[in-house]
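Just so it is clear, none of the values below were taken in a lab; they were calculated from the coordinates. Given the structure is predicted, the values throughout are model-derived calculations rather than measurements.
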Amino acid sequence: MKLLMIYCDRFAYKPQIKTLLDLPDFTEAKTYDNVLVGFIQMEKEDEANSKYFETKLVKSLKWAAKKNETKHIILHSFAHLSNSKANPHVTKDLFDAVEQRLQNSDYKATQTPFGYFLDIEVKAPGRSSARIFKSFEI
């Protein structure tokens, strides 16, 4: 699993192209301030150990959010960090579980529309804690 975390003074998106036709439709653009965005890629070899990766994601996202003094975390599927891609429905299930665990820990957690290419806007400060990369393996 690959995780790129970017703290954003401002993060915005607008759905453009739907790639997974069996998932809900989204058309609304959204903008957030003071958020940590997790750009997440679940890899094919991660599928058999999704609980392990769920825990790793939750811990890493909470740690980075604390470092950047925010309680709002956005989960964004970003299948551009590796050539290996998990089944999108397995990935979506992981995102739902991570979102719920974060919310249960008093974080405001949301997801960008899953199964879409999005126009995105990222405004991030120039400090080291605003950009953190993690690669998880079993």
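Let me have the 222 nm mean residue ellipticity of the chain computed from DSSP H runs of 4+ only, each contributing -39500 (n - 2.57), with the sum over all residues rounded to the nearest 500.
It lands at -8500 deg cm²/dmol.
By a straight-distance test (C-alpha under 19 Å), which lysines pair with K62 as possible cross-link partners, with residues fewer than eight away in the same chain excluded?
Hits, sequence-local ones excluded: K2, K51, K71, K108, K134.
Per 5 Å bin from zero, what fraction in whole % of the C-alpha pairs of the chain is there, up to the bin with the longest pair?
2, 10, 21, 24, 22, 15, 5, 0
So what is the relative contact order for the stretch 38-138, in percent, with contacts set as C-alpha pairs under 8 Å and at least six apart?
The value is 36 percent.
Distance between the C-alpha centers of the stretch 81-95 and the stretch 101-138? Whole Å please.
The stretch 81-95 and the stretch 101-138 have Cα centres separated by 15 Å.
Pull out the extension gain between D33 and Q103, defined as 0.36 nm times the separation in residues minus the alpha carbon to alpha carbon distance; nm, one decimal.
That pair, D33 and Q103, stretches by 23.4 nm at full extension.
Where a Cα-Cα gap under 18 Å defines reach, which aspartates and glutamates qualify for K67, not counting those fewer than 8 residues away within the same chain?
The reachable aspartates and glutamates, counting only those whose Cα sits under 18 Å from K67, are D9, D33, D106.
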